[in-house]
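The values are calculated or read from the model by the stated rules, or taken from the named source; none is laboratory data. Keep in mind it's a predicted model, so treat the numbers as computed, not measured. Cβ atoms come from the backbone with ideal geometry, glycine included; neighbour counts cover every protein chain shown. Surface accessibility is based on the protein's heavy atoms, side chains included, excluding ligands, DNA and RNA. Shrake-Rupley method; radii C 1.70, N 1.55, O 1.52, S 1.80 Å.
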Number of protein chains: 2
Amino acid sequence: MSTTQMLKGILDGCILAIIKNKEVYGYELADKLENYGFHSFSEGTIYPLLLRMQKEELVTSTLKKSTAGPRRKYYSLTPKGEKELEKFIDRWNDLQNNVSNVLQHEADVKYNKGDETHEK
Amino acid sequence: MSTTQMLKGILDGCILAIIKNKEVYGYELADKLENYGFHSFSEGTIYPLLLRMQKEELVTSTLKKSTAGPRRKYYSLTPKGEKELEKFIDRWNDLQNNVSNVLQHEADVKYNKGDETHEK
DNA sequence: GCTCACTACCTTGTAATACCAGGTATAAAT
DNA sequence: ATTTATACCTGGTATTACAAGGTAGTGAGC
């Protein structure tokens, strides 16, 4: 049981969300995710994932020159990708609610940031 | 990208939480999870998971007779399991915060149940 | 020129894990 | 005896995060 396992299927959605906002390239994406608290993403995670999403037609890519290295592959969302993002958000909210319920009702958990504690 | 992928590593924690509250047997667990909104858990998911957790010494089991079928294998948490549960809760809170931040800042998401909507 | 550091992308193989499909066995009711 | 509900287990498969390694472009310093 590790953090990496908990990311399965969640990383996809986060990346879709970031791409929706503004087209990004893979190397940049790693930075952004790190800033959001996902520590140390290897490129071995990100690039295959982007390629997969492109194969599934959730994103498209265009190459652009860079002054600081080789060409960057910028990704943008397709309409299909937007729908997928919405579906992800629904699933994520469901999951969040379910897990929250389990933790609150079963484990005696003072839940999440900043909430007032409530004992059983 | 599916719901089942999003469960990876999360199901463990939920089960630990349920077991902490009161010893349960596998068949019962499936019911409880279903009630929490995790729809249709196959036993092929639950039993191997319980065996794995026992091998990792997070839970112990005792067999008890039942009047309604074969013997039930009741699971309880070990001290190690309790620690693991706490670690899970920490990781889950982190993950939750990170994903929430991504969705709020990047996608234009009216976030979670009942919140007021806010357009861009 | 040559080398080094940084940027940027990709591929191959591995581990973890949810789930499907099937199997076994006990107990009570018909 | 057969059926029904309960209860558990065991392959095998698909998905996916990640490590390790490779390739290549750009600019700076020598």
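Using only Cα atoms, find the angle between the long axis of helix A:10-21 and the longest principal axis of chain A, and express it within 0 to 90 degrees, rounded to the nearest 10.
60
With +1 assigned to the C-beta of every Lys and Arg and -1 to the C-beta of every Asp and Glu, and no other charges, what is the dipole magnitude of region B:9-109 about the Cα centre in debye, to the nearest 20?
In debye, rounded to 20, region B:9-109 gives about 760.
What ³J(HN,Hα) values, in whole Hz, does the Karplus curve 6.51 cos²θ - 1.76 cosθ + 1.60 give for region B:94-105 when θ = phi - 60°, with x put for Gly and Pro?
Result, ordered by residue: 4, 4, 4, 5, 4, 5, 4, 4, 4, 5, 6, 7 Hz.
Give me, ordered by chain and number, the residues 5 or more places off A:Thr78 or on other chains with an amide H under 5 Å from its own placed amide H.
A:Val59, A:Thr60
Using Cα atoms only, what is the angle between the long axis of helix B:26-35 and the major principal axis of chain B, expressed in degrees (0 to 90) to the nearest 10?
30
So how exposed is A:Leu63, as accessible area in Å² (1.4 Å probe, rounded to 10)?
90
Mind telling me which of B:Tyr25, B:Tyr75, B:Tyr36 comes out most flexible in a GNM of chain B, alpha-carbon contacts under 10 Å?
Maximum among the listed residues: B:Tyr36.
Which residue in chain A puts its Cβ closest to the axis that rotates chain A onto chain B, and at what distance in whole Å?
A:Lys8, 2
So the label point sits 7 Å from Cα along the Cα-to-Cβ vector; using that for A:Thr3, what distances do you get to the other copies, in nanometres, sorted shortest first?
Counterpart label points of A:Thr3 in the remaining copies fall at 2.8 nm.
Net charge around A:Lys80, counting only other residues with Cβ within less than 14 Å of its Cβ (Lys, Arg = +1; Asp, Glu = -1)?
The answer is -1.
How large, in percent, is the carbon and sulfur part of the accessible surface of region B:3-105 at a probe radius of 1.4 Å?
That share works out to 49 percent.
With +1 assigned to the C-beta of every Lys and Arg and -1 to the C-beta of every Asp and Glu, and no other charges, what is the dipole magnitude of the protein assembly as shown about the Cα centre in debye, to the nearest 20?
740
Buried accessible area for the B:A pair, summed, 1.4 Å probe, in Å² rounded to 100?
4300
Out of the trypsin sites (Lys or Arg not before Pro) in region A:22-97, which ones are loop residues according to DSSP with at most 14 other C-beta atoms within 10 Å?
In loop regions of region A:22-97 (DSSP not H, G, I, E or B), the sparsely surrounded trypsin sites (Lys or Arg not before Pro) are A:Lys22, A:Lys65, A:Arg71.
Express in whole angstrom the spacing between the alpha-carbon centres of region B:86-100 and region B:1-18.
Their Cα centres are 13 Å away from one another.
Between the helical axis of B:43-55 and the dominant principal axis of chain B, each derived from Cα atoms, what acute angle in degrees is found, rounded to the nearest 10?
Between helix and principal axis, roughly 70 degrees.
Set the Förster radius R0 to 41 Å, insert the Cβ-Cβ distance between A:Lys83 and B:Lys65 as r into 1/(1 + (r/R0)^6), and round the FRET efficiency to 0.05.
0.20
Between copies, how far does the label point of A:Asp108 sit from its twins, in nm, shortest first, when each point is 7 Å from Cα along Cα→Cβ?
Here A:Asp108 shows inter-copy label distances of 4.7 nm.
For the protein assembly as shown, what is the Kirkwood hydrodynamic radius in Å, using each pair of distinct C-alpha atoms?
19.7
Taking only Cα atoms and a 10 Å spring cutoff, compute GNM fluctuations for chain A and point out the largest among A:Thr67, A:Thr45, A:Thr78.
For chain A, modelled as a Gaussian network with Cα springs under 10 Å, the answer is A:Thr67.
Given a 1.4 angstrom probe, what's the average accessible area per residue across the protein assembly as shown, in square angstrom?
That works out to 57 Å² for each residue.
Out of region A:1-84, which GluC sites (Glu not before Pro) are coil in DSSP terms and have no more than 15 other C-beta atoms within 10 Å?
Answer in residue order: A:Glu56, A:Glu57.
Taking only the alpha-carbon atoms of region A:3-105, what semi-axes of the equivalent ellipsoid follow from 5 times the gyration tensor eigenvalues under a square root, in whole Å, largest first?
27, 16, 10
Please give the contour-minus-distance gain from A:Ser100 to A:Ser42: 0.36 nm per residue of separation, less the Cα-Cα distance, rounded to one decimal in nm.
Working it through step by step, the gained length comes to 17.9 nm.
Per DSSP helix of 4 or more residues, -39500 (n - 2.57); summed, then divided by the residues of chain B. What does that give at 222 nm, rounded to the nearest 500?
Theoretical 222 nm ellipticity from helices: -17500 deg cm²/dmol.
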